[in-house]
Amino acid sequence: MIEVLAPGPLATVQDLGRPGQAALGVGPSGAADRGALRLANRLVGNSDRAAAIEVTFGGLRLRFAVPALIACTGASAPASVAGRPVGMNAPIAVPADTELVLGSPVQGLRTYLAVRGGIDVPPVLGSRSTDLLSGIGPPVLQRGMELPIARMTAGFPLLDVAPVAPLPDRPVLPVVPGPRDDWFTPAALAALTRQPWTVSSDSNRIAVRLNGPILDRVVEGELPSEGLLRGAIQVPPNGQPVVFVADHPVTGGYPVIAVVDEAGVDLIAQARPGDVVRFGLH
């Protein structure tokens with residue numbers, strides 16, 4: 001059992017989400033940075049789909065009632081177990097009745113804490129992910145909550161540490177134009193892929209809002225609601241792009257000028273307000 005002593009600004013239980021439920025109006029949710037979640041699980045010998053803790057900008061304190069094997073990935077943050085510093089991207093043994101403290105990341109936004117066996121909260125529609133848009137899944141972590149540990153392991157980990165490159169200062173996100181790029185001027189698509197964009201403070205697990213040049217349209221009027229995917233770049237009437245991430249809605253009524261690929265969504269999920277990103281044609 002794990003006791004939450006302090007959740008920080010935002011901490012949730014996440015796995016790889018609940019895909020295939022869009023016809024019911026339920027989005028996939030899941031980890032914002034899926035690559036970091038997969039790595040954390042593999043470092044402790046879990047299956048890729050095991051549930052872990054997604055920590056937004058640090059501040060997490062946990063007490064482990066039983067011995068555990070953990071790993072922290074994603075945004076690099078200072079961490080300690082029983083007051084001793086521990087590293088990122090490596091399996092760490094935690095003795096029983098011991099506290100883990102995770103500080104604010106020095107780079108990036110979201111850190112993933114996997115525990116060998118996985119976090120064993122009840123699944124909802126096949127996933128243990130918290131969806132902040134719909135309210136489906138386990139509640140946001142709060143002080144005093146207790147999290148059970150499962151036994152869903154895939155084998156014992158074989159690595160002492162995983163070599164992980166630092167997050168880029170100005171990530172370039174690969175995009176595929178469409179499906180509604182014909183609603184925009186040629187200059188708009190050129191601006192999307194040639195100009196830098198600044199991450200807005202209005203961003204969250206639903207979408208990352210960007211500030212930059214106005215993306216002008218050639219088709220006016222309303223667009224009937226269409227299906228949305230993770231990575232879709234929707235452009236509302238103000239001409240400023242919005243990149244949908246983990247907890248995105250299943251439909252939207254503004255035109256999608258392009259779609260960011262999976263690795264690119266992981267990168268933008270780590271971008272802080274004020275960070276600069278760019279788009280590049282896939």
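The values are calculated or read from the model by the stated rules, or taken from the named source; none is laboratory data. Keep in mind that what you see is a predicted model, and the values were worked out from it rather than measured. Cβ placement follows ideal geometry from the backbone for every residue including glycine, while neighbour counts extend to all protein chains displayed.
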Criterion: in contact (Cβ under 8 Å) with a residue 12 or more places away in the chain, of a type in the set (Gly, Ala, Ser) and surrounded by fewer than 19 Cβ atoms within 10 Å (Cβ to Cβ) - qualifying residue of Ala52, Ala65, Ala75, Ala32: Ala65
Any residue at all in segment 139-155 that is on the phi < 0 side of the Ramachandran plot, free of Cβ contacts under 8 Å to residues at least 40 places away in the same chain and either outside any loop (DSSP other than H, G, I, E, B) or buried (at least 18 other Cβ atoms within 10 Å of the Cβ) (or both)? no
Which one of Ala154, Ala114, Ala165 is out of contact with any Leu (no Cβ under 8 Å at 6 or more places or on another chain) and closer than 27 Å to Arg18 by Cα? Ala154
Sort out for me the strands (runs of 3 or more DSSP E) sitting completely within segment 223-282 that have 3 or more residues that are over 16 Å from Asn204 (Cα atoms) and polar (S, T, N, Q). none
Can you list residue pairs whose Cβ atoms sit under 6 Å apart, with the first residue in segment 266-279 being farther than 16 Å from Val106 by Cα and touching a residue at least 60 places away in the same chain (Cβ under 8 Å) and the second being among the small types (Gly, Ala, Ser) and surrounded by fewer than 22 Cβ atoms within 10 Å (Cβ to Cβ)? Count only pairs 6 or more apart in sequence or on different chains. Asp266/Gly35
Give the number of residues within segment 243-274 that are touching a helix residue (DSSP H, G or I) at 6+ places or on another chain (Cβ under 9 Å) and among the acidic types (Asp, Glu). 2
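Could you list all residues from segment 195-223 that are of a type in the set (Lys, Arg) and exposed (fewer than 14 other Cβ atoms within 10 Å of the Cβ)? Full working, then the answer.
Here is the first cut: in segment 195-223, the residues of a type in the set (Lys, Arg) are 205, 209, 217.
None - no residue of segment 195-223 is of a type in the set (Lys, Arg) and exposed (fewer than 14 other Cβ atoms within 10 Å of the Cβ), so the list stays empty.
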When you scan segment 53-93 for strands (runs of 3 or more DSSP E) that lie fully inside it, which ones turn up with 3 or more residues that are over 16 Å from Met145 (Cβ atoms) and outside the structural domain of Ala271 (by TED's automatic domain parsing)? 68-74, 79-81, 84-86
